[in-house]
Structures are given as structure tokens and as C-alpha cells.
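Contents: one structure, followed by commentary.
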Amino acid sequence: MPSRESYEVCQEEKPLVQKAKREANQEDILAAALGMRMGPQKPSATFWQPLKLFAYSQLTSLVRRASLKESDWPSRSEKAHNFKVHTFRGPHWCEHCASFMWGLMAQGVKCADCGLNTHKQCSSLVPNNCKPDLRHIRKVYSCDLSTLVKACNTARPMVVDMCIREIESRGLKSEGLYRISGFSESVEEVKSRFDKDGEKTDISVNAYEDINIITGALKLYLRDLPVPVISFDAYPRFIEAAKLTDTEKKLEAFREALALLPPPHAETLKYLMAHLKRVTQNEKFNLMNAENLAIIFGPTLMRAPNTDAITALNDIRYQRQVVEVLIKKEDVLF
């Protein structure tokens, strides 16, 4: 019969044996995950330690990422910097690497939207975290849609919001709305005022009695966008969706295409389509239905990206169909 002393020694050694077995099992699992073939002579503990640390760090990273809320992930609306070669007056330091910028001319690049200064070689290393500043935006028209929205901290461009509010307050029953053009000189004047005064621009009936001037200013703004409301990346998906004949498949394809739009573009398109739907609801007064509006807004909202002239011409009818579907199915697509 074993003595009390030997029994106590066995009890003390038992946890050590269990720990050794657990570590051996962990090593077998790790070896299998790495695709290693273990021979009769297993590597020493010093061999396993760095591999265990690596595996632990990877597992920790996966668990942390899996536990992140959706709002914690990088936003789809992250904006790349708009770097331009720049000549700085006086000494300047790179805001990325904090090193001096050498030279007398074109020492580095400057973001035209937020003013960030970096070396040319550092510009490719800067994350897409541009936060546009109105001080660096010289005009409203021809300004990138996402840039203007971020600089003004609004959901949509001010021009779209202000023009649509004015049109809906006094123009929904105007015959030929959006089809009849306002005086080009007056439209250009509205454009200049928006570029100069921004949201303080007066487009009320006291300033412009003809509502067609306001509709003309809105269409001009949409046409002047460097990246159209329906962006170049999403353009092919919208065209393919318009070619489908099955109703359910077409709607699903449109939803997938809409998901490709940058958030400011998607929000602007949603707001505009809801407005055009209200225009069609006054068709007996303004004589404008979804098809008529689609003919006007098709080439205004989307442009073929880097395609030949023949393809662009063939796409015109599908551009019209895209906008017509977006207006008619506005309530189910947005």
C-alpha cells in the first residue's frame, strides 16, 4: 500500500502531467494547421514557442474583428486625397513622414481638397482619410460630389437640395418642367452665384421668377460633375440590369448596382428619384411622365466610362431605361 508521502507527490504531479498532455495536443493541432509532418522525435519547446505566439496573435485578431460592430469597420465613404504637384513658398515639411521638402520648385504634392502636404513618394502611402475643407474648394459646380458633401457635412450637395426645394415649392405644376430650358445667361448666373456664395445663394421667386432657370441650374450641376451621380464603376451594372426582361431579376440587378454607388452618390440619386416621382404625380398639369424625364436625365446622370463612340451611342437607350425604372420603382428600390 503506498505511503501518504508518495500519494501527495502523485497528487502534485498530476496537474503537471495534464498540462504536458494539453501542450502536446496543442502542438499536434498547430502542426496539422501548418501542414507539418511530425516524426517520432518532436521538436523542442523552444521551436514551438514563436509558432504558438504567432497562432495566438492571429486568433486574437480574428476574434477581435469578428466582434466588431458594423459601424466600427472602415466606411465605404472613405475618400482618397486629391494630390496635385505644388510649389511651396518657404520651408515645408512632409505631413506624412515629417521630413523636410527639398528643392525650389515642385517640392511635393498638396491635396486640393483638404490641404495635406506630402512628398511625392509619400503620397501613395497616405491612407484614404481625406476630410475636405471648404477653404480649399474654390467652386461648387464641377466639384467632385463626395468632396463637396464631405466639406459641407451634408447628406447631399447643397445645389441639389436647394434647387429641388424651390422647384417643389412653386414649380411641380409648371408645364414642360425640366423639358423647357431657362435662359442660358440666367442659368450661368445661378451657377456663378453658387460658386461664390454657396448655400447663401438666393434662388427664390424674387430673384428668378422663371422656374425653368432653377431646373436648368440643377441639370447643369449634374452634367458638370467630374464623376456622374451614377458613377463610372457602377455604370456597366446598371446597363446590364436594364437589358434584363424578367421583372424580379431586373429589380434584383438594380439593387446590386445601387449597392456599388458611393454613399453620397446613392443618397443624391435616392433624393432626386423621389423628387422626379413627385413630378410624374403631377403629370396632368406639367405633362411630364417617367419616360419623358428619363430622356432628359439619362445622359445627365450617367456617362459611359472610357468606351468608344459606337458603344456610347448604343447605350443611350439603356440610359433612358435605367432612369425610367429608377423613377417608376423608386418606392421599392430605395
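The portion of the accessible surface of the stretch 77-136 made up by carbon and sulfur, rounded to a whole percent, is 55 (1.4 Å probe; DNA, RNA and ligands excluded). Counting charges near N292 (Lys, Arg +1; Asp, Glu -1) among other residues having Cβ under 13 Å from its Cβ returns a value of -1.
Expressed as a whole number of Å, what is the distance separating the alpha-carbon centroids of the stretch 284-326 and the stretch 152-180? Taking the Cα centre of each part, the stretch 152-180 and the stretch 284-326 sit 19 Å apart. So for the stretch 77-136, averaging the separation of alpha carbon pairs under 8 Å that are six or more residues apart and normalising by length, what relative contact order in percent results? Relative contact order of the stretch 77-136: 39 percent.
Electrostatic tally near T201: other residues with Cβ closer than 14 Å to its Cβ, Lys and Arg +1, Asp and Glu -1, net -2.
Modelled this way, with points 7 Å down the Cα-to-C-beta line, the labels at A155 and N129 are 2.8 nm from one another. Taking a ≥ b ≥ c as the square roots of the eigenvalues of the Cα gyration tensor, an a/c ratio of 1.5 or more together with a/b larger than b/c marks the stretch 110-191 as prolate. Surface exposure of the stretch 77-136, expressed per residue as accessible area with a 1.4 Å probe, stands at 65 Å².
The values are calculated or read from the model by the stated rules, or taken from the named source; none is laboratory data. Nothing here was measured: the structure is a model prediction, and the numbers come from that model. All Cβ positions, even for glycine, are placed from backbone atoms using ideal geometry, and neighbour counts span all protein chains on display. Surface areas here come from the heavy atoms of the whole protein model, side chains and all, with no ligands, DNA or RNA. Shrake-Rupley method; radii C 1.70, N 1.55, O 1.52, S 1.80 Å.
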